[in-house]
Every structure is written in structure tokens, then in C-alpha cells.
1. Are there any pairs, at least 6 apart or on different chains, whose C-beta atoms fall under 6 Å, with the first in segment 135-156 and aromatic (Phe, Trp, Tyr) and the second surrounded by fewer than 24 Cβ atoms within 10 Å (Cβ to Cβ) and modelled with pLDDT under 95, and if so, which?
2. When the residues of segment 218-250 are filtered to those that are of a type outside the set (A, V, I, L, M, F, W, C) and in contact with a helix residue (DSSP H, G or I) (Cβ under 6 Å, 6 or more places away or on another chain), which remaining residue is surrounded by the fewest Cβ atoms within 10 Å (Cβ to Cβ)?
3. Name the residue that is nearest to His182 (Cα to Cα), counting only residues in segment 119-142 that are in contact with a strand residue (DSSP E or B) (Cβ under 8 Å, 6 or more places away or on another chain) and assigned to a helix (DSSP H, G or I).
4. Among the residues of segment 97-118, is any in contact with a His (Cβ under 8 Å, 6 or more places away or on another chain) and either in a loop (DSSP other than H, G, I, E, B) or surrounded by 22 or more Cβ atoms within 10 Å (Cβ to Cβ) (or both)?
5. Report the residue count in segment 171-194 for those that are part of a helix (DSSP H, G or I) and closer than 30 Å to Pro123 by Cα.
6. Go through the residues of segment 123-135 one by one and say whether even a single one is surrounded by fewer than 21 Cβ atoms within 10 Å (Cβ to Cβ), touching an Asp or Glu at 6+ places or on another chain (Cβ under 9 Å) and over 16 Å from Thr242 (Cα atoms).
7. Between Gly53, Gly78, which is on the phi > 0 side of the Ramachandran plot and among the small types (Gly, Ala, Ser)?
Amino acid sequence: MTGRVAGKVALVTGGAKGLGEADARALAAEGARVVLTDVDDNAGQAVAEDIGGVFKRHDVTDEARWQQLIAEIKAEFGALHVLVNNAGIVLPGSIESQTYADYRAQVAVSADATFLGCQHAIPLMVESGGGSIINMASVASKLAYSGIVGYAAAKGAVEGITRSIAAHCLESGYKIRCNSIHPGSIDTPMVRNFGRQAEEAGMGGPGDVQVPDPAEAPVLGAAGNIADVVVFLASDESAFITAQEFVVDGGMSMLPAPLLHEIQ
């Protein structure tokens, strides 16, 4: 099946690399007009040119830029049907070692930006006849890892935000559905860099044993595994699905915690 999102305008944040790049490529391949945003100008522009999309520089924590971005999309495309709140960062740290600044940075990029994106995109999506909001969460908010307290908090907030937005859209009579995706360990630059970041942060010693390197996980997925779900949720195939959590982890979250730590 091709053209599953043909004619739709899609916005993907954090689209220069990793999951966001895979999402942008998959949506474009299925016929969407893709606007991808990032703070990495060179990588973002290269992806946009390769897929026939549009790149826009965008700090997702900047509310004024969100307002400007949505106005630009309305002026250039006249509509918005799909919003993928993908941007995120991970900074290793436990409740004792994580700095408040690093905690806040992760919450800002994942949770706060999801709030801002949805708040400013919904009016244009309503004008466009409805659509799909896809928020990137994580199994990190469901599994117990001591070394990612800020990241787990941020992704847990994304879960709650998603359900509230879905309820709001239903109660308001909007034809907008809102769901979250919860990836496990996926082969992306962020995951590949985690081990180095943890080491630099002094994690992984006797006092922080639960800092498994996701890049070494026995259950390691590809970015395309997540992009496949994004396309499904963006398409009309998911028209009757909202307020749901899609765990995409190859069974990682079903493994007993002691076994998971041991095999990782």
C-alpha cells in the first residue's frame, strides 16, 4: 500500500536525525508534505532536500518560535494534519547525581515542548478538518532505571499530556486524535551516545548499577520500526484510535527486571 498519507501536511520535530529523520522519511514516502524542524541546520536541511520536504530551524522550548512556525505552515501550506512531537534529549543521572539544570532541560525538550506544540498546532488542525497528534514517549517511564530520572519524568509527563489532549479534543468535538508511542532501545545516535554520556557523568559505578547501555541491549530495534507506527497513526487507518499508548520495544518491557538488567 502506498500513498497512505497522501495530501496530508505533517510537522515532525527533531527531524534531523534518529527517530525524527526516520519518521520524516516514512511520511514523505507515503505522500505527505513534510515540514521537519531541528536546531541542527545542516543535517535538517540535508534530510529535507533528500525527501522533498521543508526544513525550518526550531527550538522546541521557545513558545514564540512555535507560534511563528505554525503561522508559517498555515501561510505556506494552508493546513496541518499531522503533528509528531519527536524532539527529545537524554542526560544520564540518578535522583542523587542528576543536576536540577539537566533535569529541567530534559523536561523542557520533551514534556514542555509537547505541551507547546499541541497547544499552538490544534487550532490550525481544527481549521484543517482534523488530524493526528503523535507524541513520542518511551518505555523509560514504565521500567525502573535509576540512572535516567529526568528522562523518565519527562516521558511520563508526555503520557499524561497525551491522554488529556485526547480527552479535550473529544469533548470539544474536534476530529483530532492524540496517541503516544513508547519506543524501547532503538538504534539511533542518541542511544549510541548514551554509554559515553553515562561514563562522562560518572554513572555505572557501584552506587549506580542500573545504568544499562541501551545500545548493547539484546532487544535493539531500528528507527524504521517506530516510523512504521508513526505512519499508521498519521494515516486514516487509525481514525478510530485515540488516547492510546503504543509500546514498540520488541518485548523488552515484558522481561522480568532482574533478567533485563542481567542480559543488558
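The values are calculated or read from the model by the stated rules, or taken from the named source; none is laboratory data. Everything numeric in this text was worked out from a predicted model, so none of it was measured. Neighbour counts are summed over all protein chains in view; Cβ atoms, including those assigned to glycine, are modelled from backbone coordinates with ideal geometry.
1. Sorted first by the residue in segment 135-156, then by its partner, the pairs are Tyr145/Gln210; Tyr151/Ala140.
2. Taking segment 218-250 and keeping what is of a type outside the set (A, V, I, L, M, F, W, C), we get 218, 221, 224-225, 228, 235-238, 242, 244-245, 249-250.
Filter again for in contact with a helix residue (DSSP H, G or I) (Cβ under 6 Å, 6 or more places away or on another chain), leaving 218, 224, 238, 242, 249.
Values: Pro218: 11, Gly224: 14, Ser238: 18, Thr242: 20, Asp249: 22.
Taking the candidates together, the pick is Pro218.
3. Of the residues in segment 119-142, the ones in contact with a strand residue (DSSP E or B) (Cβ under 8 Å, 6 or more places away or on another chain) are 121-122, 125-126, 128, 130-142.
Subsequent filtering for residues that are assigned to a helix (DSSP H, G or I) retains 121-122, 125-126, 139-141.
Details: Ala121: 22, Ile122: 22, Met125: 24, Val126: 26, Val139: 5, Ala140: 8, Ser141: 9 Å.
Among them, the one singled out is Val139.
4. Applying the first criterion (in contact with a His (Cβ under 8 Å, 6 or more places away or on another chain)) to segment 97-118 yields none.
No.
5. Kept after step one, since they are part of a helix (DSSP H, G or I), are these residues of segment 171-194: 171-172, 189-194.
Narrowing further to those that are closer than 30 Å to Pro123 by Cα: 171-172.
Total satisfying the criteria: 2.
6. Checking segment 123-135: not a single residue is surrounded by fewer than 21 Cβ atoms within 10 Å (Cβ to Cβ), touching an Asp or Glu at 6+ places or on another chain (Cβ under 9 Å) and over 16 Å from Thr242 (Cα atoms).
7. Working: Gly53 fails: on the phi > 0 side of the Ramachandran plot.
Selected residue: Gly78, the only one of Gly53, Gly78 that is on the phi > 0 side of the Ramachandran plot and among the small types (Gly, Ala, Ser).
For every residue, the table says whether it meets (1) under 25 Å from Pro183 (Cα atoms); (2) small (Gly, Ala, Ser).
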position: Asp38; (1), (2): yes, no
position: Ala48; (1), (2): yes, yes
position: Asp62; (1), (2): no, no
position: Ala79; (1), (2): no, yes
position: Leu83; (1), (2): yes, no
position: Ala87; (1), (2): yes, yes
position: Glu96; (1), (2): no, no
